[in-house]
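Remarks on the structure that follows.
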Amino acid sequence: TDVTVLVEDDLESDLGWNVVNDGSLSAGGWERGVPSNDSISVDDCSAPGADSDGSGSCWVTGNGNSSFGCEFDIDGGATQLTSPIYEVTNASASVGFSWWYDNTSANNTEYDDVFVIEISGDAGGSWSPLFSRSNGNSAQTGWSQESFLISDFVTVTSGLRLRFTASDDAPGSVVEAGVDAIRIT
């Protein structure tokens, strides 16, 4: 059967994404751009160093060339990234994306910082859990791809949205996250 691509967002341009950082976040909010690939960010702090699809840009937390420690990882709170509203009317549509999540560096053993991905079928009026990861090891495994049948989670009534929340709760640890290659088919 043929697959119809309804949305393909390689994140090279901002199509209406929204970032909200909680008041206690001191570093590491979501940023769209070409990921930093300096050795401190990538080797020591487990940042992605490149996007997933080779287009160049993606959304990453705390993007910057580190001059010391892990100065750009998520610190002290949560950062939330919400997609634009996607018009989806096909009941058999699927949503897919690439994700990066790592909280394994700096001897972190608590794994208390959870990467949460939610989906909304009413343009963000209400949210349902889609996927979560507490023990992220993307520095070892690389970018991961996920795909979900939308109707297994929500009924789309007024537009589809995705929400990605990454956090660093007490006790502090090194947390890096990324999102790329949004595709609705």
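The values are calculated or read from the model by the stated rules, or taken from the named source; none is laboratory data. From a predicted model like this one, the values you see are computed outputs, not experimental measurements. Using ideal geometry, Cβ is built from the backbone for each residue, glycine included, and neighbour counts are taken over all protein chains shown. Protein only, heavy atoms only, side chains kept; ligands, DNA and RNA dropped before computing areas. Shrake-Rupley method; radii C 1.70, N 1.55, O 1.52, S 1.80 Å.
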Would you mind finding the one in THR165, THR185, THR141 that is within 23 Å of CYS58 (Cα to Cα), free of Cβ contacts under 8 Å to residues at least 24 places away in the same chain and β-branched (Val, Ile, Thr)? THR141
If ALA91 meets every condition in (1) open to solvent by 40 Å² or more (accessible area, probe 1.4 Å); (2) aliphatic (A, V, I, L, M); (3) within 16 Å of PHE164 (Cβ to Cβ) apart from one, which number is that one? (3)
Only listed residue being within 20 Å of SER66 (Cβ to Cβ) and either open to solvent by less than 20 Å² (accessible area, probe 1.4 Å) or touching a helix residue (DSSP H, G or I) at 6+ places or on another chain (Cβ under 7 Å) (or both), chosen from ALA166, ALA139: ALA166
Can we say THR4 is within 23 Å of GLN145 (Cα to Cα), part of a loop (DSSP other than H, G, I, E, B) and among the hydroxyl-bearing types (Ser, Thr, Tyr)? yes
Looking only at the range 42-63, count how many residues are without any contact (Cβ under 8 Å) to a residue 40 or more places away in the chain, more than 14 Å from GLY142 (Cβ to Cβ) and surrounded by 17 or more Cβ atoms within 10 Å (Cβ to Cβ). 1
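Residue-wise test of (1) touching a residue at least 24 places away in the same chain (Cβ under 8 Å); (2) buried (at least 20 other Cβ atoms within 10 Å of the Cβ); (3) farther than 23 Å from SER55 by Cβ; (4) touching a strand residue (DSSP E or B) at 6+ places or on another chain (Cβ under 9 Å).
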{"residue": "THR104", "(1), (2), (3), (4)": "yes, yes, yes, yes"}
{"residue": "ASP113", "(1), (2), (3), (4)": "yes, yes, yes, yes"}
{"residue": "SER126", "(1), (2), (3), (4)": "no, no, yes, yes"}
{"residue": "GLU176", "(1), (2), (3), (4)": "yes, yes, no, yes"}
Going through SER83, SER66 one at a time, which residue ends up being among the polar types (S, T, N, Q), in contact (Cβ under 8 Å) with a residue 24 or more places away in the chain and touching a Lys or Arg at 6+ places or on another chain (Cβ under 7 Å)? SER83
